Amino acid sequence: MPNIESSVIIDSNLDTVWRLISKPGHLEQVHPFCQENILLESKDGKILRDKLIYLNGLEYIREFKSWNINKGYDLLIGKKNGQQSRVKWRLSKKKNGIKLSINIYPYTSKKINSFIYPVIMVFIIRPKLKKYLFSVLNGIKWNVEQKRPVAHNQFGMHSWFS
């Protein structure tokens, strides 16, 4: 399955951005489609599982698979007992700030014919996930640089999550 990646440069330092994205419940401050972000399990300062409740009531569980301080983490996300997508969050220092990238490897729906799936991926799934990543990444950038929580749908509504 092809991946969808997006990134943003944040005018800040590595510790500040890491502290934000590794804090339990942080999505409530930075994610424009998040209604609630509930910590379900943690250990030794690492998030192991949390729940993301979107503005439209959709609930996803995030299960963290790797956790590398100041570098990023890998997780699986999806409905409870449903199919899951792999997601990689990465941080790196750049001359003009901190680069935060999110890379999504979406699951392949069993409800869609495998012959038509590539067309749906190119014309529907990829553009929707690109818009989603733009909003999430810019919400984090906004929060760090403006020192204020992002508003619901701040960068526009999303038909899957608003």
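The values are calculated or read from the model by the stated rules, or taken from the named source; none is laboratory data. Because the structure is a prediction, the values reported are computed rather than measured. Cβ atoms come from the backbone with ideal geometry, glycine included; neighbour counts cover every protein chain shown. Surface areas here come from the heavy atoms of the whole protein model, side chains and all, with no ligands, DNA or RNA. Shrake-Rupley method; radii C 1.70, N 1.55, O 1.52, S 1.80 Å.
Just to be sure I follow: if Rg is taken over the C-alpha atoms of the range 93-143 and Rh is the Kirkwood radius over the same atoms, what is Rg/Rh?
Rg/Rh for the range 93-143 comes to 1.14.
Would you mind putting 38-48, 14-24 in packing order, based on average other-beta-carbon counts within 10 Å, highest first?
14-24, 38-48
Measure up Lys46/Lys110; Lys93/Lys147; Lys43/Lys128; Lys46/Lys131; Lys46/Lys95 against 26 Å on the Cα-Cα distance and list the ones that go over. Don't skip to the end; give the middle numbers.
Working: Lys46/Lys110 33 Å; Lys93/Lys147 20 Å; Lys43/Lys128 34 Å; Lys46/Lys131 28 Å; Lys46/Lys95 29 Å.
With Cα atoms farther than 26 Å apart: Lys46/Lys110; Lys43/Lys128; Lys46/Lys131; Lys46/Lys95.
For the chain, which whole percent of the accessible surface, found with a 1.4 angstrom probe, sits on carbon and sulfur atoms?
Heavy-atom surface of the chain belonging to carbon and sulfur, 1.4 Å probe: 51 percent.
Based on alpha-carbon centroids, what's the gap between the range 56-83 and the range 114-162 in Å, whole number please?
Using only Cα atoms to place each centre, the spacing works out to 16 Å.
Evaluate the relative contact order of the chain (contact order divided by residue number), counting alpha-carbon pairs under 8 angstrom at least 6 apart; express in whole percent.
Values: 312 pairs, mean separation 48.9, N = 162.
Result for the chain is 30 percent.
From the alpha carbon gyration tensor of the range 19-152, can you work out the equivalent ellipsoid semi-axes (sqrt of 5 times each eigenvalue) and give them in Å, largest to smallest?
For the range 19-152, the semi-axes come out at 25, 18, 16 Å.
So which chymotrypsin sites (Phe, Trp or Tyr not before Pro) in the range 50-136 pass both tests, a DSSP loop state and at most 12 other Cβ atoms within 10 Å of the Cβ?
Phe115
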